[in-house]
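Report on one structure; see the data block that follows.
The values are calculated or read from the model by the stated rules, or taken from the named source; none is laboratory data. Keep in mind that this is a model prediction, so the values were computed, not measured. Methodologically, a virtual Cβ is constructed for each residue, glycine included, from the backbone with ideal geometry; neighbour enumeration extends over all protein chains shown. All accessible areas refer to the heavy atoms of the entire protein, side chains included, with ligands and DNA or RNA removed. Shrake-Rupley method; radii C 1.70, N 1.55, O 1.52, S 1.80 Å.
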Amino acid sequence: MMPDVELLVPPGAQYVGLARLVVTAAARQAGMTNDRLEDLKIAVSEATANAIQAHQRTGDDGPVQLQFGPTGNGHFGVTIADAGLPPEGSAPGAVGDRVEGGLSLTLIRGLADVVDVAGGSGTSVHMRFIVGGSPARRVVEDP
Amino acid sequence: MELTLNHRKEGDRTVLEVGGEVDVYTAPKLREKLVELVGEGHYQIIVDMTKVEFLDSTGLGVLVGGLKRVRSHDGSLSLVCNQERILKIFRITGLTKVFPIHDSLDEALQDTE
């Protein structure tokens with residue numbers, strides 16, 4: 001199995017497009033079909049944007065980290081890690097008319113075949129996509 | 001890929017043609033445009049997304065914000081979208097129930113709500 005590729009992305013919204021292009025190119029090289037590439041592109045974009053926003057909220061100038069590559073069992077895995085604070089919207093009693101936060105996680109969960117979100121000093125989102133499968137075929141995995 | 005925004009009047013409707021990528025970086029421009037249009041009194045808006053190449057949750061949020069704005073003036077905001085990859089995003093997030101979505105601009109213009 002090949003080791004993952006690592007990409008360090010500065011915490012600016014202008015880099016989200018570049019991050020999704022790089023990860024999508026790697027997945028295409030790994031044999032992912034066009035339909036799935038579209039799913040991957042959106043999910044990576046969402047998770048990268050969330051990670052970047054977490055750094056911006058925290059005032060952390062450091063990069064967010066993306067690790068990706070084929071996982072060896074027909075999946076393509078992407079882990080996106082930040083060292084920032086979770087969104088305010090997730091705190092009880094938070095107000096505001098911004099709905100993106102909730103939509104973002106809904107999209108990630110709806111598009112990736114497997115999603116694990118781990119908290120700690122930051123947030124780490126691990127996603128897996130079946131390289132050759134159709135988006136309708138889901139791998140069911142209990143948390 | 002840049003975001004392109006062009007609007008024109010079609011009778012009592014305003015058609016906002018959006019092209020390119022709507023993501024966390026470019027969505028603020030779409031938000032500004034919608035705020036500007038509503039501020040100028042455009043309350044019947046059709047957002048034509050036929051040329052959108054990429055849309056993320058920030059873009060969805062901006063569209064929801066636009067809908068709220070026109071509704072506060074008893075207006076409407078409908079969408080034109082015929083691309084499966086974009087429609088899928090609306091379906092997953094349940095927003096197909098929030099926006100009237102049309103296959104073509106003609107169909108959107110014929111819909112009298």
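Restricting to segment B:59-107, name every residue that is at pLDDT below 95 and of a type in the set (A, V, I, L, M).
Listed by number, the list is empty, since nothing qualifies.
Among the residues of segment A:60-73, is there at least one that is open to solvent by 60 Å² or more (accessible area, probe 1.4 Å), within 14 Å of chain B (Cβ to nearest Cβ) and aliphatic (A, V, I, L, M)?
Within segment A:60-73 (the criterion being open to solvent by 60 Å² or more (accessible area, probe 1.4 Å), within 14 Å of chain B (Cβ to nearest Cβ) and aliphatic (A, V, I, L, M)), the answer is no, since none of the residues qualifies.
Confirm whether B:L16 is surrounded by 20 or more Cβ atoms within 10 Å (Cβ to Cβ), away from every other protein chain (no Cβ under 14 Å) and more than 22 Å from A:A19 (Cα to Cα).
Numbers: surrounded by 20 or more Cβ atoms within 10 Å (Cβ to Cβ): yes; away from every other protein chain (no Cβ under 14 Å): yes; more than 22 Å from A:A19 (Cα to Cα): yes.
Yes.
If only one of A:T33, A:T24, A:T79, A:T48 is polar (S, T, N, Q), modelled with pLDDT under 95 and open to solvent by less than 70 Å² (accessible area, probe 1.4 Å), which one is it? Walk me through it before giving the result.
Numbers: A:T24 fails: modelled with pLDDT under 95; A:T79 fails: modelled with pLDDT under 95; A:T48 fails: modelled with pLDDT under 95.
Residue meeting the stated conditions: A:T33.
Do the conditions hold for B:I45, that is, is it at pLDDT 95 or above, under 13 Å from the mean Cα position of the chain (by Cα), in a strand (DSSP E or B) and aliphatic (A, V, I, L, M)?
On the way: at pLDDT 95 or above: yes; under 13 Å from the mean Cα position of the chain (by Cα): yes; in a strand (DSSP E or B): yes; aliphatic (A, V, I, L, M): yes.
Criteria met by B:I45.
Please pick out the residue among B:V47, B:V38, B:V22 that is open to solvent by less than 20 Å² (accessible area, probe 1.4 Å) and closer than 19 Å to A:K41 by Cα. Break it down into steps so the answer makes sense when it comes.
On the way: B:V47 fails: closer than 19 Å to A:K41 by Cα; B:V38 fails: closer than 19 Å to A:K41 by Cα.
Every option except B:V22 fails the conditions.
Determine if segment B:19-31 includes at least one residue that is in contact (Cβ under 8 Å) with a residue 60 or more places away in the chain, away from chain A (no Cβ under 14 Å) and small (G, A, S). Give the derivation first.
Looking only at segment B:19-31, we keep the residues that are in contact (Cβ under 8 Å) with a residue 60 or more places away in the chain, and these are none.
No: zero hits.
Residues of segment B:56-113 being under 18 Å from B:T4 (Cα atoms), β-branched (V, I, T) and within 13 Å of chain A (Cβ to nearest Cβ), which ones?
B:T58, B:V62, B:I86
So, B:K68, is that one of a type in the set (D, E, K, R), under 16 Å from B:L105 (Cα atoms) and under 14 Å from the mean Cα position of the chain (by Cα) or not?
Working: of a type in the set (D, E, K, R): yes; under 16 Å from B:L105 (Cα atoms): no; under 14 Å from the mean Cα position of the chain (by Cα): yes.
Answer is no for this residue.
Just checking, how many residues over segment A:30-49 are closer than 13 Å to A:V125 by Cα and more than 9 Å from chain B (Cβ to nearest Cβ)? Break it down stepwise before answering.
To start, the set of residues in segment A:30-49 that are closer than 13 Å to A:V125 by Cα comprises A:43-49.
From the residues that got through so far, the ones that are more than 9 Å from chain B (Cβ to nearest Cβ) too are A:43-44, A:47.
Looking only at that region, the number is 3.
Say we look at segment A:1-21 and pick out the residues that are open to solvent by less than 60 Å² (accessible area, probe 1.4 Å), of a type outside the set (A, V, I, L, M, F, W, C) and under 14 Å from the mean Cα position of the chain (by Cα); which of these is farthest from A:G69 (Cα to Cα)?
Going through segment A:1-21, the residues open to solvent by less than 60 Å² (accessible area, probe 1.4 Å) turn out to be A:7, A:9-13, A:16-17, A:19-20.
Going one step further and asking which of them are of a type outside the set (A, V, I, L, M, F, W, C), we end up with A:10-12, A:17, A:20.
Now drop any that are not under 14 Å from the mean Cα position of the chain (by Cα), which leaves A:17, A:20.
Values: A:G17: 19, A:R20: 13 Å.
For segment A:1-21, the residue satisfying everything is A:G17.
Could you run through segment B:57-91 and say how many residues are more than 26 Å from B:G39 (Cα to Cα), in a helix (DSSP H, G or I) and either open to solvent by 50 Å² or more (accessible area, probe 1.4 Å) or in contact with a His (Cβ under 9 Å, 6 or more places away or on another chain) (or both)? Steps first, answer last, please.
Just the residues of segment B:57-91 that are more than 26 Å from B:G39 (Cα to Cα), to begin with: B:82-91.
Okay, now just the ones that are also in a helix (DSSP H, G or I), so B:84-91.
Next, only the ones that are either open to solvent by 50 Å² or more (accessible area, probe 1.4 Å) or in contact with a His (Cβ under 9 Å, 6 or more places away or on another chain) (or both) stay: B:84-85, B:91.
Of the residues in that region, 3 qualify.
Each row is one residue, and each column tells you yes or no for (1) acidic (D, E); (2) within 24 Å of A:N50 (Cα to Cα).
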| position | (1), (2) |
| --- | --- |
| B:P28 | no, yes |
| B:E32 | yes, yes |
| B:L60 | no, yes |
| B:Q110 | no, no |
